Structures are given as C-alpha cells and as structure tokens.
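Report on one structure; see the data block that follows.
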Amino acid sequence: MEARAKLSYARIAPRKVSVVLDLIRNQPLDKALAILQYTPKAASELLYKLVKSAAANAENNFNMDKNQLYVAECYVTPGPTLKRVRPRAQGRAYRILKRTSHITVVLKELEG
C-alpha cells in the first residue's frame, strides 16, 4: 500500500528540486520533514508541504500508521518551459527559459 502526492507545474527548475529530493529519499517521515525544514534551498518549502500532504493522504485515505511511514519514491520530471525574451545590445534578443517541474512523492509503510 502506498500514498502519493503530486505537485504539477511548480515554477522551479527540476535540477534544483532533484538536489533536495536526494536528501530525503528512503528516509523515515519524521527525519525527512526535519531535513526539509532545515535545508536552506528554495525547493525545501515546496517539498515540505508536499511530503506533509502525502502523509495526510496516507493517514486519512489509507489508514496507515504515521510512525511507520518512509519516503519510498520521490522524483521530479520537467514540465513545460516558459520562453521569455531579454533585450541585449545592438537590438539583439536573448531567450530566457523559465523551467517548471512536476514533483511526485510516494510514502509507504515499513514492513514488520
């Protein structure tokens, strides 16, 4: 049995999110939340809310024990990229890519 939560179209680049996801993968729920709370990255706040949401889904929808939960899977995939233009010298224009992410967190109960 697993509980999942997904955040779609987050306005943060996937490579910035994946750095923080690597910190919490395969960690118990309380330790993962502590790591996210004290990691000074922009993605930490988004992931903290997402992990809390997955924990609430596990508790309320699947009657799982909150103390036995751990982060079984967590991954990020790139969403659509917003293309913007930055004016440069001599009438040129450089493209700015504002990347988005789809983030998924899966919680499972420890066996035994």
Would you kindly compute the Cα radius of gyration of the chain and its largest Cα-Cα separation (Dmax), both in Å? 17.2, 68
Over 22 Å between C-alpha atoms is what I'm after, so list which of 16/52; 31/52; 6/49; 31/66; 16/66; 6/98 land there. 16/66
Cut-off is 10 Å between beta-carbons; in what order do 19, 85, 76 appear when sorted fewest neighbours first? 85, 19, 76
Among trypsin sites (Lys or Arg not before Pro) in segment 22-105, those in a DSSP loop whose Cβ has at most 10 other Cβ atoms within 10 Å are 88, 92
Dipole of the chain, Cα-centred, from +1 at each Lys and Arg C-beta and -1 at each Asp and Glu C-beta, to the nearest 20 debye? 1340 debye
Contact order relative to length for segment 2-109, counting C-alpha pairs under 8 Å separated by 6 or more residues, stands in percent at 42 percent
Listed residues 62, 107, 51: farthest to the positive end of the dipole of the chain (Cβ charges): 51
Could you work out how far apart the two model spin labels at residue 30 and residue 73 are, taking each label as a point 7 Å from the Cα in the direction of the beta carbon, and quote it in nm? 2.7 nm
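Any read-out appearing in this document is the output of simple, stated calculations on the displayed coordinates, not a laboratory observation. Please read all numbers here as calculations on a predicted model, not as lab measurements. Cβ sites come from the backbone with ideal geometry, for glycine too, and all protein chains shown count toward neighbours.
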